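The values are calculated or read from the model by the stated rules, or taken from the named source; none is laboratory data. For clarity, every value in this text was computed on a predicted model and none was experimentally measured. Virtual Cβ from ideal backbone geometry, glycine too; neighbours counted across all protein chains shown. Keep in mind that these areas ignore ligands, DNA and RNA; they rest on the heavy atoms of the full protein, side chains included. Shrake-Rupley method; radii C 1.70, N 1.55, O 1.52, S 1.80 Å.
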Amino acid sequence: MATTLEKFIHSLDPRALPRVLQIQSGIYFQGSIYEMFGNECCLSTGEVIKVIGFKINKLIASIYENNEESRFSAKVELPLNFPGLYKVVADKTPYFSIEEITRKVSIGPTRFGHPCFYCPEDIKLANLVIKHGEQITFNSVEEVNGVMAVNCGVVRNNQSHSFTLPLSQEGKFYECEDDQIYTLKEIAEWKIPKSRNRIVKLSNTLHVWDSFNPLPENFDGCLILTPVYEVQAVMKFRKEIVHILSDLDVEVKDITDCYDISSFLQPLSLEDVFERTSKEFPMVAEIMEGPQGIQKPYSLLCTGKEIVIYKKYQAKRVLASEIRSDSPKRHFLIPMSYKGKFKRRPREFPTAYDLEIAKSEKEQLHVVATKAFDSPHKELFSVSVGDQFLVQQYQTSEVLYEGRKKVVDVLACEQILSDTYKKVLLPMYMEGGFVEVIHDKKQYQLSEICKEFRLPFNVKVSVRDLSIGDDVLAAVPGLQLEEEITDSYLLISSVSSPVDSWEIPVYRLNMSVHLLSKDMQTVAPPATKTTVEEISEEQYYMVRRYENQTLYPPPRPPKKPT
């Protein structure tokens, strides 16, 4: 039965891919050259294509005004890179089975793919009762004892309890409120259920939108998002992937069950390649769709190029940001193999509490006050701009407060005078300002900094990495090394000129390949080129949140007595 491409994609379960479609009719019924994203393809009546994937390309947003005259304004089109951070509004329409949830909601390995639901009634399992209203986290879908089920979890008294719910489990399941914030791209990839719209509320903007802003000035309300999908497809006699928007006026028919699907090329994403077993490496592949970007090695990975993929592995990177007062800042992922050297740069501390966190046993922290502070207690020290201190340790002290003695948290320091030192106590709640005084002139390798100091840590490149043609870090006046992360990589080289090998990130590079049946003996890869990866602001927030999802926030500093 023929249907519009839009209806077919909106109802298509991603788990049912790939699907073979035959073009039935539409504005291209006589045959036409259709160009999209630089790819030309002829969509004529009777043409057969294999749909290998689809993703949201753009969003149609209705502005939710909720006034007496009209609840919605005119619809506007938003690209996925439209700036801002958004909160997801929980869908009030229930799902009626676990199977419906798995069919419509994205459940995956990252934190974005762990949706939470609650049921208004108790769910009785063999060894556990899920109470009504209790938040259930959906972690993954897999086969358990021959039955498809969802691995779930609930948290009680700070302890996690795991269990499975079969897809046949019925009942009313409602989305839980989500207190996280997301970019529009993250919402499009993970937070819009199939066949449903999504309401979001603008939390705050990331940076200024250079083009015309379709939203009202100073808008801070809600948006109802409707997706328009980009369909990735393979045609019979072409090696590259073609892209078609789902709202194209074309009718299609699903002929998968009566067609030899193996007659098409099989494109693989980098995630697909990474999921292969280690025994299958090395392998030879041809690039069907290369990544965007001029940074090496991405500029070398063009469509049609043959590459060797030697292995998959996890590797450490240091997440670093440019030190500057205005925004936007540049962000980098630096490999441990980086051969440049760093010199320390002063850190800034807004409170005495931050001094306590930053002090280390390796060296004494020496700071200069940049902001005055008048102590309300004679037992504690009043700070003037320019005062210098050596930070000692945290302790408690008695102060006289409204005629009564009271114990407060303080930071013991030594004030540096012209020819002596004076022991002083700074209240931990003190809101001042301090700048570090650096006495260490040594040049450090990246691995030495990570081993000897606590991150975050301020540095500047003093000796650039000569193995990199253009060391982007050398031109940055100051860097804050924020934290170590672990990420997934593939090691590759060119088949035609295997002089160097490159590490390419699996989850930040949009690239498709198909495997070639060429014999590939196990050989040692050539020397690996060091690559400093510059990442976007959206990627930066994603990396930080994904890395810190299991960490508890630091304790709050003591409050000033009232």
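Details
- Distance cut-off 21 Å, percentage of C-alpha pairs in the range 348-437 lying past it: 25
- Assuming charge only on the beta carbon of Lys and Arg (+1) and of Asp and Glu (-1), the dipole of the range 348-437 about its Cα centre is about 300 debye to the nearest 20.
- Partner lysines for Lys305 [C-alpha distance under 26 Å; skip if fewer than 8 residues away on the same chain]: Lys50, Lys55, Lys236, Lys239, Lys279, Lys296, Lys518, Lys529
- Phi to ³J(HN,Hα) by Karplus 6.51 cos²θ - 1.76 cosθ + 1.60 over the range 359-373, Hz, x for Gly, Pro: 5, 9, 7, 5, 8, 7, 7, 10, 9, 10, 6, 10, 8, 7, 8
- Accessible area in square angstrom per residue, the range 348-437, 1.4 angstrom probe: 56
- The peptide list 9-17, 272-280, put in order of mean Cβ contacts within 10 Å with the highest first, becomes 9-17, 272-280.
- In terms of its C-alpha gyration tensor, the range 138-258 has an oblate overall shape, because the principal axis ratio a/c (a ≥ b ≥ c, square roots of the eigenvalues) is not below 1.5 and a/b does not outweigh b/c.
- Under 5 Å, built H, 5+ apart or other chain: amide partners of Phe264: none
- In terms of the mean number of neighbouring beta-carbon atoms within 10 Å, the peptides 327-336, 422-431 order highest first as 422-431, 327-336.
- Which of Gln388, Leu245, Ser418, positive extreme of dipole for the chain (C-beta unit charges): Ser418
- Cα shape, the range 91-176, gyration tensor, a/c 1.5 rule: rounded
- Thr420 accessible area, 1.4 Å probe, all protein chains in place, Å² to nearest 10: 60
- Shape category assigned to the range 208-335 from the gyration tensor of Cα positions, a/c cut at 1.5: oblate
- Efficiency of FRET between Val495 and Tyr401 - r from beta-carbon atoms, R0 60 angstrom, step 0.05: 0.20
- 28 Å Cα cut-off, lysine pairs counted over the range 348-437 (separation 8 or more, or different chains): 19
- Helix 537-547 axis, angle to the chain major axis (alpha carbon atoms, nearest 10°): 80
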